[in-house]
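Accompanying notes for the structure given below.
The values are calculated or read from the model by the stated rules, or taken from the named source; none is laboratory data. Not measured: the values here are computed from a predicted model. Quick note on the areas: whole protein, heavy atoms, side chains included, nothing else; ligands and nucleic acids left out. Shrake-Rupley method; radii C 1.70, N 1.55, O 1.52, S 1.80 Å.
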Amino acid sequence: MRQVNSDLQSYIQKRLTSDPEFADGFAEGYENFKGRNATMSSYTVVIEPDEDVFHAYVPSLPGCHTFGDTVDEALAHIQEAIMLYLELLQEEGRPLPIEREPMFITRLAVPQVA
């Protein structure tokens with residue numbers, strides 16, 4: 001999982017430095033929470049192809065999922081969905097979920113029955 005997180009962080013860092021529109025959206029999301037004495041939390045995000053779009057979801061936040069036409073769009077949408085999800089929990093006075101480390105996502109090969 002550390003490698004997946006590292007790869008995603010590397011990808012996001014590259015996008016932040018090379019794509020002004022992506023950087024602006026990321027900064028806007030951060031600014032929305034910065035003024036609320038917010039702390040940063042990390043959540044595992046899974047993005048997978050789903051027919052002709054990409055489905056993004058957060059395993060530790062039940063019901064927090066979205067779609068995008070591209071991986072970049074799905075990533076931007078899930079970031080917004082996470083922030084809204086956490087904001088709603090806070091407004092309702094419910095505890096914010098903490099993702100336990102490590103979450104392990106892998107591909108597993110199994111034999112097929114002939």
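Rolling a 1.4 Å probe across the protein heavy atoms gives the range 38-114 an accessible surface of 75 Å² per residue.
Note on the range 39-114: Cα Rg divided by 2.2 N^0.38 Å, N the number of residues, gives 1.31.
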